1. When segment 400-425 is examined, which residues are found to be over 27 Å from the mean Cα position of the chain (by Cα) and either among the hydroxyl-bearing types (Ser, Thr, Tyr) or in a helix (DSSP H, G or I) (or both)?
2. Which residue out of 393, 308 is at pLDDT below 95 and in a loop (DSSP other than H, G, I, E, B)?
3. Can you find even one residue in segment 91-100 that is assigned to a helix (DSSP H, G or I) and either open to solvent by 50 Å² or more (accessible area, probe 1.4 Å) or of a type in the set (Lys, Arg) (or both)?
4. Could you grab me the full set of residues in segment 206-240 that are more than 22 Å from the chain's Cα centre (by Cα) and part of a helix (DSSP H, G or I)?
5. Here are some residues: 70, 128. Which one is touching a helix residue (DSSP H, G or I) at 6+ places or on another chain (Cβ under 8 Å) and at positive phi?
6. Among what's in segment 357-373 and is open to solvent by 50 Å² or more (accessible area, probe 1.4 Å) and part of a helix (DSSP H, G or I), pick the residue that is farthest from residue 342 (Cα to Cα).
7. Which one is surrounded by the most Cβ atoms within 10 Å (Cβ to Cβ), of the residues in segment 136-157 that are under 18 Å from residue 375 (Cα atoms) and among the small types (Gly, Ala, Ser)?
8. Out of everything in segment 374-407 that is of a type in the set (A, V, I, L, M) and in contact with a Gly (Cβ under 6 Å, 6 or more places away or on another chain), what residue ends up being most open to solvent (accessible area, probe 1.4 Å)?
Amino acid sequence: MRRIRVAAVGAVTLSLVLTAAACGGGSAGGSGSNEQPKTLTYWASNQGASIEVDKKVLQPELDKFEKQTGIKVKLEVVPWSDLLNRILTATTSGQGPDVLNIGNTWSASLQSTGALLPWDAKNFEAIGGEDRFVESALGSTGVQAQDPAAVPLYSMAYALYYNKKMFKDAGIEKPPATWDELAATGKRLSKDGKWGIGVEGSNLSNNIHQVFVLGKQHGADFFTADGKADFTSDSAVAAVKQYVDLMATHKIVAPGNAEYSQNQSLSDFAKDKTAMVLWQTASATFKAQGMDDDEWGVAPAPVPAGRPGAGQQTNSMVAGINMAVFKNTKNIDGALKFVKFMTSDEEQKTLNQAYGSIPPVKSAQQDPAFSTPALTVLRDTLATSAAALPQVPEESQFETVVGTAVKELFAEAAAGRPVTTESVKAKLEKAQQQMPKK
């Protein structure tokens, strides 16, 4: 789920929005005319180190599309902190773009508004067919047994990145493979004003990604089979406590990380202040921070014991960005052409190389450019040991309320107050009470 997504919307507001009748979107001109407008509006998510970086990556490709089709694409790169609220407002006002990027974990929530174009067989055929996309990426495009609400654009996975210089200086020869090893390694690295691992305690979506994976390892899913919130099980509580304990108990995370919100932990990593980060597809950001590729290494994210795999050996959520079309766009043909262009083999190679992500298109993924050691770890993770976040309409609220609970627990730990099983459960009970009743 792309730089880290922050679902900055209140649960009550989101509940109202998701139950409202959606008005659709599409702000391109041409009203009152039978002629298809020659302009599309596109909201892109902030994938690079800055919005300016994204503009430099995307604008040449949009110019190429205009040259091929005669359709101009008006680009706006929207920060992750604003994107979900902007989309939700557009679903009710109708004042939205024609085409937009969404975090793949939001697919089911946005699908339930009815504002997005369903990707039925006909629409998939217009962009080359559903079978072009890898299965794991399609698993995060909406509720199962319904037509997807979006198509995959960029695929990502979490991995453990480690600072080679800091490891060498500490006499550590290899990255940790299990959580016990990570705690022990982190303690050796946490000295002289430097820290073992970085977190972003105020980054709600990153909090969710981490505790979801730990939840899988403990046997928790946070939702029951019929879609009801299940935040207070012993397994869910244990998962949240294990994550916060990196700061509260093991003390291998700087207390200031409780206030970090987006990419700040990567900056510390690049400046040799923090030795490890658990992140999704971070190479492009490291480069923007001035780090050379040979200064960092990458390994699969930790598991309880043994090797990563499915079930309780899951070590990543299926991260990524999807591309959606507002159902009421005035230029459906142009929108489909644009999605086809962006998911073509050529563009998939160009864009995913620029962002350090992995193409969700099978044929593009086979390009040697995506077989570097770092990307091989991510590809293997997506293929063998990643799981999709729950594809339920309330997923965005889950990110908000449980992500906030984790944020508050990190604040407790940073202040030196104890984080106990009881205090974790109390925060999760409060979060569950904010979810809509079924």
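The values are calculated or read from the model by the stated rules, or taken from the named source; none is laboratory data. Everything numeric here is computed off the predicted structure, so don't read it as measured data. With ideal geometry, Cβ positions are generated from the backbone for all residues, glycine too; neighbour counts draw on all protein chains shown. Only protein heavy atoms, including side chains, enter the accessible area calculation; ligands, DNA and RNA are left aside. Shrake-Rupley method; radii C 1.70, N 1.55, O 1.52, S 1.80 Å.
1. The answer is 420, 421, 422, 423.
2. On the way: 308 fails: at pLDDT below 95.
Only one candidate qualifies: 393.
3. The first filter runs over segment 91-100 and keeps only residues assigned to a helix (DSSP H, G or I), leaving 91-93.
Narrowing the set further to residues that are either open to solvent by 50 Å² or more (accessible area, probe 1.4 Å) or of a type in the set (Lys, Arg) (or both) leaves 92-93.
Within segment 91-100 (the criterion being assigned to a helix (DSSP H, G or I) and either open to solvent by 50 Å² or more (accessible area, probe 1.4 Å) or of a type in the set (Lys, Arg) (or both)), the answer is yes, since at least one residue qualifies.
4. 234, 235, 237, 238
5. Numbers: 70 fails: touching a helix residue (DSSP H, G or I) at 6+ places or on another chain (Cβ under 8 Å).
From the options 70, 128, the qualifying one is 128.
6. Of segment 357-373, the ones open to solvent by 50 Å² or more (accessible area, probe 1.4 Å) are 362-363, 366, 368, 371-373.
With part of a helix (DSSP H, G or I) added as a condition, the list becomes 362-363, 368, 373.
Details: 362: 14, 363: 14, 368: 20, 373: 26 Å.
Top of the filtered list is 373.
7. Filtering segment 136-157 for residues that are under 18 Å from residue 375 (Cα atoms) and among the small types (Gly, Ala, Ser), the one surrounded by the most Cβ atoms within 10 Å (Cβ to Cβ) comes out as 155.
8. So the first thing to find is which residues in segment 374-407 are of a type in the set (A, V, I, L, M), and the list is 374-375, 377-378, 382-383, 386-389, 392, 401-402, 405-406.
From what's left, in contact with a Gly (Cβ under 6 Å, 6 or more places away or on another chain): 388, 392.
Numbers: 388: 39, 392: 21 Å².
Selected residue: 388.
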